[in-house]
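To start, the structure itself, in structure tokens.
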Amino acid sequence: MNPNNPRHDEASAAFLAELGARLSEEHDRRARDAAGDRWQRWGVFIQVLLLLAVVAYAGLSYQQWRQLIVQSETLDQSLKAVQHVAGLVREASTRNQQLAEDALRATRESNEASQRAWLVFRGIEPTRITLAQQPTRLIIWLANVGNSPAVKVSTASTLLVAKALPQLPPYGSMGPVRSETVVGPKGDYGTYVVLQNISASLADAINAGRTNLYLYGRIEYFDQFKRPRDTTWCVVYTPKPSQDNSFAACDVYNVVN
């Protein structure tokens, strides 16, 4: 301070006060700017962290989504494999069931075949005839070659003069003789047909081989298993037999069911 110049001292004091105030303001401004810079840097850092967090969450979500897809595909494949195995099991079960049913059916049929009645055509008596012998009663012999009785036996037989047998035998027009006849195992049964009303000219044609004389018939019965059975038979007259029998078996109609 200068005692000789008080105004100079006052001016100096005012200048110093103003300078101090300006320095204080500059310090405060710089402090505020520094604080703002720090908050700005922290904001950027936080934004970066948030971005990284979002990216990490997105990556994790994508991985979980991929895992779900893989698991879904795996489950689909497993389901298809299970369905395929189940189909194979069902197919094998059906095939085994069919095989078992076939085996049981074959066993049953085999047992029935060995135990059932079998009626067969055994022959005609008399074995040797001529067409000049009319009327002639021809006995048709049937035999049960099975091991059980044949029941409710019915028979039908007829004569036919023709060059050849029809493709389908007219059994339905023969008028079967139905009865309650029982033919035991290893037993015989006889029915008959009468040879008559064959003219001399027709007999000459038969003897000359220009036409044929057929005898055929059908036998119906039930076996012990209550199953309907039938046997068909057919013979043709032979004018000059090689053996002592005037009748030979036809090529058709001789069937045992």
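Observations
- Rg/Rg_ref, region 115-222, where Rg_ref = 2.2 N^0.38 Å and atoms are Cα: 1.20
- Alpha-carbon centroids, region 56-84 and region 110-138: separation in whole Å: 82
- Ascending count of other beta-carbon atoms within 10 Å, so fewest first, for R29, R116: R29, R116
- Inter-probe distance in nm under a simple model that places probes 7 Å from Cα toward Cβ, at A53 and N197: 11.9
- Model label sites at R122 and L68, defined 7 Å from Cα along the beta-carbon direction, differ in position by 8.9 nm.
- Three-way shape label, region 7-115, alpha-carbon gyration tensor, a/c 1.5: prolate
- Computed from phi, the 3J(HN,Hα) profile of region 87-92 under the Karplus parametrisation 6.51, -1.76, 1.60 (θ = phi - 60°) reads x, 5, 5, 4, 4, 5 Hz, with x in place of Gly and Pro.
- Under-25-angstrom lysine pairs by C-alpha in the chain, whenever the two are 8 or more apart or on separate chains: 4
- Computed from the Cα positions only, the extents of the chain along the three principal axes stand at 198, 40, 31 Å, in decreasing order.
A short reminder: the numbers here are calculations on the coordinates, not readings from a lab. Here the structure is a predicted model, which means the values were calculated and not measured. We place every Cβ from the backbone using ideal geometry, glycine too, and count neighbours over all the protein chains shown.
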